[in-house]
Amino acid sequence: MATAEAFRVFVAIYRAGSVSGAARERHLTQPAVSAQLAALEARVGEALFTRTPRGVTPTERGKLLYAALDDAVDRLDNVARSLRVSRLPSSGTPLRLGSTPEFFQGHVLPRLGDWTQPLLLSFGEARGLLERVEAGALDAVLVGLSPQSRALSERPLAEVPYVLIGPADWPAPDVGLGGLAAWLSARPWVSSSVELPVTRRFFLGVLGQRFAARQALVAPDLRAVVGAVEAGLGATLVPLFAVQDALARGRVRELWDARPLIAPERWRMVYRVADEDRADLRALAGRLGADR
């Protein structure tokens, strides 16, 4: 007879798309996961997945079995989680949250208000944070990258516009949009990466010219980038959450209203599918919505 753990392992493999991903999710070794799958396939009498170089793909029988099991497995895991939570101290269960420091400081902190549940923060880049939430090391992450794993789900938080800023003592560009590329290219630029994907798309797609400004500083931290603009080192494009305080205090200036010209950055809360019904995650996602 198939065990509840075998069903859990099967659902984890289906959502992760690989045996290794399921092993991380279930905190098991890969051989243990493979053994559980082999036993379940023997019980079913046919393969549930097709092996590929990049992982596994469910067979038609696997799809049918997943449709029959996913809700039941999630409900069982939620019951087990609620039993664990009931034994935690009355001071509250810490919510293990991942984010970038810039998004947390600029978007999250101003919206926490009277939030009472303890937050245990981890900072990092999006892909690494997604791997950690899938592995169960974090409860949720706030990222600008949509998850690809079937084990993860997401709630939209905000569409953050990009802002074109320069030092506070720079004059406003005395040109039209057609002359803005040349005006900016004659001045230094600061950025958070040498690739400049958003900047290059803005120059080529909106301004009609390739980016040609001299990069005066590259720092992998938006707070340092905004600080460099404040210090007069150059202009840049950054998400609004990174610069709204400096704008409000007059430490930098908005050189041009580029907000309607650039697709906004979509931020979301990502968590495991098994945690869809967690009230604390729903409450935090609502708190961090763009209309707050």
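Coordinate-derived values only; no laboratory data. The model shown is predicted, which means the values in this text are computed figures rather than measured ones. All Cβ positions, even for glycine, are placed from backbone atoms using ideal geometry, and neighbour counts span all protein chains on display.
Once backbone amide H atoms are built at 1.01 Å from N, L95 has L119, L120 as its partners under 5 Å, excluding neighbours fewer than 5 places away on the same chain.
Select from L40, L240, L109 the residue whose mean-square fluctuation is largest in a Gaussian network model of the chain (Cα-Cα springs shorter than 10 Å). Of L40, L240, L109, the Gaussian network model singles out L109 as fluctuating most.
Close amide H partners of L152, meaning residues 5 or more places away or on another chain with modelled amide H under 5 Å apart, are V273. Phi-derived couplings, Karplus 6.51 cos²θ - 1.76 cosθ + 1.60 at θ = phi - 60°, listed residue by residue for segment 188-196: x, 10, 10, 7, 9, 7, 6, 6, 6 Hz, with x used for Gly and Pro. Packing, taken as the mean count of other beta carbons within 10 Å per residue, orders the peptides 157-167, 64-74 from highest to lowest as 157-167, 64-74.
Relative contact order of segment 162-261, taken over Cα pairs closer than 8 Å and 6 or more residues apart, is 46 percent.
Loop-only trypsin sites (Lys or Arg not before Pro) in segment 24-56, please: DSSP not H, G, I, E or B, and at most 13 other Cβ atoms within 10 Å. Write down the numbers at each step before the final one.
Working: sites: R24, R26, R43, R51, R54; in loops: R54.
Hits after loop and neighbour filter: R54.
At a 10 angstrom cut-off on C-beta neighbours, averaged per residue, how do the peptides 14-20, 117-123, 143-149 rank from highest to lowest?
14-20, 143-149, 117-123
Out of [x] 1.09; [y] 0.98; [z] 0.93, which label holds the value of Rg/Rh (Cα atoms, Kirkwood Rh) that was computed here? Matching entry in [x] 1.09; [y] 0.98; [z] 0.93: [x].
Distance from the Cα centroid of segment 238-286 to that of segment 178-235 is 20 Å (rounded to whole angstrom).
Per DSSP H run of at least 4 residues, take -39500 (n - 2.57); add these up for the chain, divide by its residues and hand me the 222 nm value, nearest 500 deg cm²/dmol.
Values: 11 runs with 117 residues, N = 292.
Computed mean residue ellipticity for the chain: -12000 deg cm²/dmol.
A cut-off of 5 Å between modelled amide H atoms, ignoring neighbours fewer than 5 places along the same chain, links V163 with V238, L240. Phi angles across segment 106-118 convert, under the Karplus curve 6.51 cos²θ - 1.76 cosθ + 1.60 with θ = phi - 60°, into 3J(HN,Hα) values of x, 10, 7, 3, x, 10, 6, x, 9, 4, 10, 5, x Hz, Gly and Pro given as x.
Taking the Cα centre of the chain as the origin, how large is its charge dipole in debye, to the nearest 20, when only Lys and Arg (+1) and Asp and Glu (-1) carry charge on their Cβ atoms? List each step's numbers first, then the result.
On the way: 36 positive and 31 negative charges, 64 e Å.
Approximately 300 debye in magnitude.
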